[in-house]
Amino acid sequence: MIKNTFKNAEEAYKYFFREILKNGTPFANTKALFNVGFTIENPMDNHIHDKGSIVPRKWNLEYARAEWQWYLSGDRSIYKLGEIYGKVPEIWKRMADEDGNVNSNYGYQWERNEQLDYVVSMLKHNPDTRQACISIYDGKEIEDYFHDTPCTYAVQFTILNGKLNMCVTMRSNDLWYGFCNDQYCFSMLQQLVASRLDMPVGAYYHFAHNLHLYNDKIPKPHL
């Protein structure tokens, strides 16, 4: 049985790295687990370290912070990220359109139609609401996804026992890059919303339809 509760993001990352190596299914240049859901009990413990890893991750906190500031800007231009971080990572260059814009700047998405403000307002006026959702991937916009397709479907917030819980639902999640950086930014979003509601951060539930490692991150004996 797959473990589904973790103290922090690092514990979840290391567990699923091993689980993918052991039980992952070969799928489109990856090994993947399907329909994986788990809870992170302390989402603000969101740093990924190398100690004890099968393959050293060398996670870059400076970059994760820059990506979060880029999201906060609501500017989907990769050149804005370059201003913040000092350079534009190659992965974003490959995903950008001819104007340097991407769909996967989640801050750009949650600012569209003032989604984030509506979420906070709904939670303030009705703490029991089931409608405090931010939509990111939208199949009705699929013609706009020629260059890059958002990996996240939606983020939903729920107040439970006086704390703000959050659920992130993803269509596809690369454990090495995507999860490590995404969980940092999503936990920061959870903290941001909680601060606007003047309440503590609760649990973070993460669901990925496809949780995977690309083959170039898998040690050869496990391929």
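The values are calculated or read from the model by the stated rules, or taken from the named source; none is laboratory data. Treat the numbers as computed from the prediction; the structure is a model and nothing was measured. Backbone-built Cβ (ideal geometry, glycine too); neighbour counts: all protein chains shown. These area figures cover heavy atoms from the full protein model, side chains too; ligands, DNA and RNA do not enter into them. Shrake-Rupley method; radii C 1.70, N 1.55, O 1.52, S 1.80 Å.
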**Q.** Candidates ALA66, ALA96 - the one that is surrounded by 15 or more Cβ atoms within 10 Å (Cβ to Cβ) and in contact with a strand residue (DSSP E or B) (Cβ under 9 Å, 6 or more places away or on another chain)
**A.** ALA96
Q: For GLU143, work out the one condition from (1) acidic (Asp, Glu); (2) open to solvent by less than 40 Å² (accessible area, probe 1.4 Å); (3) in a helix (DSSP H, G or I) it doesn't fulfil.
A: (2)
Q: Sort through VAL55, VAL88 and tell me the only one that's without any contact (Cβ under 8 Å) to a residue 24 or more places away in the chain, open to solvent by less than 70 Å² (accessible area, probe 1.4 Å) and in a loop (DSSP other than H, G, I, E, B).
A: VAL88
(Q) Here are the criteria: (1) aliphatic (A, V, I, L, M); (2) in contact (Cβ under 8 Å) with a residue 40 or more places away in the chain; (3) open to solvent by 10 Å² or more (accessible area, probe 1.4 Å). Tell me which single one LEU192 does not satisfy. (A) (2)
Q: Taking the options PHE38, PHE17, PHE27, name whichever one is farther than 22 Å from LYS217 by Cα and not basic (Lys, Arg).
A: PHE38
(Q) Name the single residue that is nearest to THR169 (Cα to Cα) among those in the range 208-223 being hydrophobic (A, V, I, L, M, F, W, C) and either buried (at least 16 other Cβ atoms within 10 Å of the Cβ) or in contact with a Leu (Cβ under 9 Å, 6 or more places away or on another chain) (or both). (A) ALA208
(Q) Condition check: without any contact (Cβ under 8 Å) to a residue 12 or more places away in the chain and either open to solvent by 30 Å² or more (accessible area, probe 1.4 Å) or assigned to a strand (DSSP E or B) (or both). Does GLU83 satisfy that? (A) yes
